[in-house]
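Asker: Could you have a look at this structure, given as structure tokens, before my questions?
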């Protein structure tokens, strides 16, 4: 059955406004999203939210994500959109894993700490990390293998 | 996402209605945006789908709106924030009333030691302390195990369900307290030897005993039915006349027990009419003892 959703009518306008806010924050670091990239990220976010079983009634996570990561030394204009794409996916996956125990800000800070630290700017590294590890890395600034080397991580934690 | 905020073309029909529906959807979406932000205290931009669904359903329930069908959009208030605040105040009043009903129900428990009845009432009493009507008004946190003689309709939710349950408990308890507890206990033991520990209803067997006695012109307080007389009376009657006999018996029993409250009299009459299918089956089997137990 064909459906007409208020979301589709509003989505484009929200995406435009959010892209402008993102660019305001990231522009000074030489990072901007085109209108097409903004819409693509918004479309992808809708699909991710559906896949993760989550709903956003208000604004999306994208502006917060950009504000948190835009000063990362690993982000460049060339990889900006694809990294945001990955980080957005990871954010919702971790959010679900947290069972709503972490606020957006706490989770984003933990992700940034790991991304700028042990991950060395590789979003795919974060994809292989469990939330508990991510939070520990955020606190200690060390990767699991470093803590294993020092005996901090036990065999069952691997 | 497909939920209450999406609508099909077939539901909308004409273009004017379509525009009105879209405007109403936008209004509800904006309301839910603020409502959800308050729920998460601004700390999360998203919520799990099931939480979103329940928040929406709860908000609509609070505003007195039916979440199903296109009429939702035509009945959606212009000012949803005001409608929600009004709804919350209404729920606060209902919750206060529920606390009063529960206190009265706890005091009204008959001298029949039924664990499930007292446990249920205590659980409801605790439930009022944690009933979260601002966010999850449709869910009342209580273990309601004790079965009523006439169940509360499943269409009632949250405090509406609980308050109706308590009203019915009060009617049943008032009836049971008019009877001699020792006699009632004997009858209940005949129906179910372990009635004290089970979740079975106390009112229904006692009311049946009273109605059987009334129909056979016996002392209703003794709850003894003259089964051969009753069998002879009922077995030739068509259903409509059987219902009339039972309605009359309920009236006579209510008079004999000095039950004056119309709701209590109506409850007994409805209980009597609910016996008809069981009586018909028992007459076919030639054994009314299963409906009007002898002890």
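The values are calculated or read from the model by the stated rules, or taken from the named source; none is laboratory data. Remember, predicted model here, so these are calculated numbers, not experimental data. Because the Cβ atoms are built from the backbone with ideal geometry, glycine has one as well, and the counts that use them run over all protein chains shown.
Asker: Has segment B:3-12 got any residue that is under 30 Å from residue A:91 (Cβ atoms), touching a strand residue (DSSP E or B) at 6+ places or on another chain (Cβ under 6 Å), at pLDDT below 90 and within 14 Å of chain A (Cβ to nearest Cβ)?
Answerer: yes
Asker: Tell me which residues, restricted to segment B:256-267, are under 15 Å from residue B:223 (Cα atoms) and either assigned to a helix (DSSP H, G or I) or at pLDDT below 95 (or both).
Answerer: If the condition is that a residue be under 15 Å from residue B:223 (Cα atoms) and either assigned to a helix (DSSP H, G or I) or at pLDDT below 95 (or both), then B:256 is the only one that fits.
Asker: Hey, any hits in segment B:147-154 for a residue that's modelled with pLDDT of 95 or more, closer than 27 Å to residue B:268 by Cβ and loosely packed, with under 14 Cβ neighbours inside 10 Å?
Answerer: Checked against the condition, which is being modelled with pLDDT of 95 or more, closer than 27 Å to residue B:268 by Cβ and loosely packed, with under 14 Cβ neighbours inside 10 Å, segment B:147-154 yields at least one hit.
Asker: Then there's this: Can you say whether residue B:67 is closer than 27 Å to residue A:50 by Cβ, outside any helix (DSSP H, G or I), in contact (Cβ under 8 Å) with a residue 24 or more places away in the chain and more than 14 Å from chain A (Cβ to nearest Cβ), as far as the supplied structure shows?
Answerer: When the stated conditions are applied, residue B:67 passes them.
Asker: Ok, one more. Report, by residue number, each residue of segment A:94-105 that is surrounded by fewer than 16 Cβ atoms within 10 Å (Cβ to Cβ) and in contact (Cβ under 8 Å) with a residue 12 or more places away in the chain.
Answerer: Passing the criteria: A:96, A:97, A:105.
Asker: Let me ask another. Considering segment B:218-240 alone, what residues qualify as being at pLDDT 95 or above and surrounded by fewer than 14 Cβ atoms within 10 Å (Cβ to Cβ)?
Answerer: B:219
Asker: Which residues, counting only those in segment B:31-52, are buried (at least 16 other Cβ atoms within 10 Å of the Cβ) and either under 24 Å from residue B:70 (Cβ atoms) or touching a strand residue (DSSP E or B) at 6+ places or on another chain (Cβ under 7 Å) (or both)?
Answerer: Answer for segment B:31-52, where residues must be buried (at least 16 other Cβ atoms within 10 Å of the Cβ) and either under 24 Å from residue B:70 (Cβ atoms) or touching a strand residue (DSSP E or B) at 6+ places or on another chain (Cβ under 7 Å) (or both): B:31, B:32, B:35, B:36, B:40, B:46, B:47, B:48, B:49, B:52.
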